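Taking it in order: structure first as structure tokens, then the write-up.
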Amino acid sequence: MKLKKKLGMGIATAVLGIGLIGGGTFAYFSDQEAVENSFAAGTLDLGVDPTIAFSVDNLKPGDHMTRSFKMTNEGTLDIGKVLMNTSFSGTEDFEDHLKVDFLQSDGKVIESLSGKTIAELSEVKDQDITPGFWTWWPLVQEGKGIPLGTEDTIKIKVTFVDNGQDQNHLQGANLDVNFTLDALQTEGEAR
């Protein structure tokens, strides 16, 4: 039995040695390459000039004034929409006597906002004032946004409404009005 054990151990040792030598000499071809990727997000940057459109003193009922300001696309992406919100602070009740008419946005009349008082405008949230253009058929306006490197002119008329009644309580009144403009991106697309 001793001979069988010695012979078995010898064979096992030989198989293990051959396995280690053979395993260490196994070779094959290989190659490795890397695919590099780079992603960068664009920017939306809506510029406004001038930043103060109206600064008028000594108004009286019946006075009206027209001003304009430009919205420019100063970012790296097209602007798909421009939304406006109105806020104010100052003498109570004066906001009900100032009527705003948005005469145009790049040729597009913003009828939904025209004829509203400052008080009424402040209640309209996220009003779309996106510039538009006229198509020939069927003669409708389509929003086009503000493409990269372009601008749009907004023309506004404000009237201190003479309501035909005593408005003495508005003497010396003042009102600070802010039109906050939010630029939104165009829809995503396959690239």
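Figures for the structure shown
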item	result
Count of segment 71-102 residues which are free of Cβ contacts under 8 Å to residues at least 60 places away in the same chain and touching a strand residue (DSSP E or B) at 6+ places or on another chain (Cβ under 7 Å)	5
Residue 61, sole failed condition from (1) in a loop (DSSP other than H, G, I, E, B); (2) at pLDDT 95 or above; (3) in contact with a Phe, Trp or Tyr (Cβ under 8 Å, 6 or more places away or on another chain); (4) surrounded by 15 or more Cβ atoms within 10 Å (Cβ to Cβ)	(4)
Selection count where residues are in contact (Cβ under 8 Å) with a residue 60 or more places away in the chain and either among the hydroxyl-bearing types (Ser, Thr, Tyr) or open to solvent by 60 Å² or more (accessible area, probe 1.4 Å) (or both), scope segment 45-58	1
Residue tally, condition under 15 Å from residue 118 (Cα atoms) and of a type outside the set (Val, Ile, Thr), over segment 141-161	2
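The values are calculated or read from the model by the stated rules, or taken from the named source; none is laboratory data. Just so we're clear, the structure is a prediction, and the values are computed from it rather than from any experiment. Cβ: placed from backbone, ideal geometry, glycine included. Neighbour counts: every protein chain shown. Just so you know, the surface numbers come from the protein's heavy atoms only, side chains and all, with ligands and any DNA or RNA stripped out. Shrake-Rupley method; radii C 1.70, N 1.55, O 1.52, S 1.80 Å.
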